[in-house]
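Beneath this line is the structure, given in structure tokens, with notes to follow.
The values are calculated or read from the model by the stated rules, or taken from the named source; none is laboratory data. Predicted model, so just to flag it, every value in this text is computed and none were measured. Methodologically, a virtual Cβ is constructed for each residue, glycine included, from the backbone with ideal geometry; neighbour enumeration extends over all protein chains shown.
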Amino acid sequence: MSFEDTDMDIIEEQIKKISRMLVNAKHAVVFTGSGISVASGIPTFRGADGLWMRWNPEEVASIYGFKRNPAKFWEFAKELIVKAKASPNPAHYAIAELEEEGVVKAVITQNIDMLHQSAGSKKVLELHGSMSYVDCLECGKEYDWEYIEEILKKKQPVCEVCGSELLKPRVVFFGEPLPPDVLSEAMEESRKCDVFIVVGSSLVVYPAASLPEIAKRSGAKLAIVNLEPTEKDHIFDAVAYGKAEEILPQVVEEFKRLRR
Ligand code: NAD
Ligand code: ZN
């Protein structure tokens, strides 16, 4: 048996383990980070192909940088969202299917790309907000993302009411607090779930790092599907290293087979 065979066996075994956990679950919660959207064409922040290799997070993702130079942020947003034209990938659809099957009760995400909703997930807790609305920080005028997106294809959007450049999407920038109601609901879900699955997160950003621990303390079984190891892997009952878009559809298939 070659080394690769052994690797495949390990992943297959972990996939079966996660599927069994789900079959026995009454209330599973999935937590996702930027890794789940890589196959949709949206890069992660950190890592070799990460956005931070080319963009300065202080400039484009902090509230201070934004207020100093909103144009720079919109340049970044254009590359990230408008050009990416992202649509959900098999990992997003697999999670939506598990909700449809009645086992996944909530998705907690750090992503701002709205791809869980596009895939059909109903209960999505967006810890970092989303791009769906854009507010003028000067006069309070609210815009739909679709409207701003059209303008962005041609130029930097400015407020049509007051002329301000400070148009800010409802996402959480560095230096801003998380939306307290969403955070407390995410904590509540982590406490009451019996299975907690992490997908595509390095688990270094707060509260990503603490939610699996809350779930574990409350007695939940823990699983993680991630391309590379994290510092928290030792607290997980099942660990599947690989691409979410390949592993999660297999989990769903096995889940359905076991349920039959
Ligand atoms: P991270 O960049 O710290 O970690 C992403 C993890 O995903 C890495 O450990 C990587 O190994 C893994 N990964 C990469 N490709 C994968 C794949 N195909 N399948 C499974 N795993 C894969 O991301 P984070 O922990 O989510 O934190 C970064 C912050 O960046 C988050 O707060 C998030 O809001 C923000 N962000 C969001 C988006 C988005 O909305 N899509 C994109 C970039 C960053
Ligand atoms: Zn305005």
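Some observations on this one:
Each row is one residue, and each column tells you yes or no for (1) among the charged types (D, E, K, R); (2) within 16 Å of ligand 1 (Cβ to nearest atom); (3) in contact with an Asp or Glu (Cβ under 7 Å, 6 or more places away or on another chain).
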{"residue": "ASP135", "(1), (2), (3)": "yes, no, yes"}
{"residue": "TYR147", "(1), (2), (3)": "no, no, no"}
{"residue": "GLY163", "(1), (2), (3)": "no, no, no"}
{"residue": "GLU176", "(1), (2), (3)": "yes, yes, no"}
{"residue": "LEU183", "(1), (2), (3)": "no, yes, no"}
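- Enumeration of residues in region 54-71 that are out of contact with any Gly (no Cβ under 7 Å at 6 or more places or on another chain), surrounded by fewer than 19 Cβ atoms within 10 Å (Cβ to Cβ) and of a type outside the set (Gly, Ala, Ser): ARG54, TRP55, ASN56, PRO57, LYS67, ARG68, ASN69
- Pick from region 12-27, criterion in contact with a strand residue (DSSP E or B) (Cβ under 7 Å, 6 or more places away or on another chain) and of a type outside the set (Val, Ile, Thr), ranking: nearest to ALA244 (Cα to Cα): GLN14
- Residue in region 101-108 that is at pLDDT below 95, more than 16 Å from ligand 2 (Cβ to nearest atom) and assigned to a strand (DSSP E or B) present: no
- Test: LYS26 is surrounded by 13 or more Cβ atoms within 10 Å (Cβ to Cβ) and not hydroxyl-bearing (Ser, Thr, Tyr): no
- One residue stands out in region 128-155 among those that are within 14 Å of ligand 2 (Cβ to nearest atom) and part of a loop (DSSP other than H, G, I, E, B): the one that is nearest to VAL205 (Cα to Cα), namely LEU137.
- Among the residues of region 146-184, those that are under 24 Å from PHE31 (Cβ atoms) and either touching a residue at least 40 places away in the same chain (Cβ under 8 Å) or crowded, with 17+ Cβ neighbours inside 10 Å (or both) comprise PRO169, ARG170, VAL171, VAL172, PHE173, PHE174, GLY175, GLU176, LEU178, PRO179, VAL182, LEU183.
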